[in-house]
Amino acid sequence: KRMGHAGAIVTGGTGTAAGKIAAMAAAGVRMVSSPSDIGTAMRGCF
């Protein structure tokens, strides 16, 4: 199923949002649970 952009492709029950979030977090990507948390998370980056 294609959903707007390549990062959102879900095929045959794989590529779930939870799986993608876990993979990005394991790769060291700083994750937030809500868009309203982005500013606070970015504050520590600079």
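Laid out as a table, the results:
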| quantity | calculated |
| --- | --- |
| Selection count where residues are basic (K, R) and either modelled with pLDDT of 85 or more or open to solvent by less than 70 Å² (accessible area, probe 1.4 Å) (or both), scope the chain | 3 |
| Top-ranked residue in segment 26-41 [being among the hydrophobic types (A, V, I, L, M, F, W, C) and assigned to a loop (DSSP other than H, G, I, E, B); ranked as farthest from the chain's Cα centre (by Cα)] | A27 |
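The values are calculated or read from the model by the stated rules, or taken from the named source; none is laboratory data. Just so it is clear, the model here is predicted, and its values are computed rather than measured. Note: accessible area is taken over every heavy atom of the protein model, side chains too, but ligands, DNA and RNA are not part of it. Shrake-Rupley method; radii C 1.70, N 1.55, O 1.52, S 1.80 Å.
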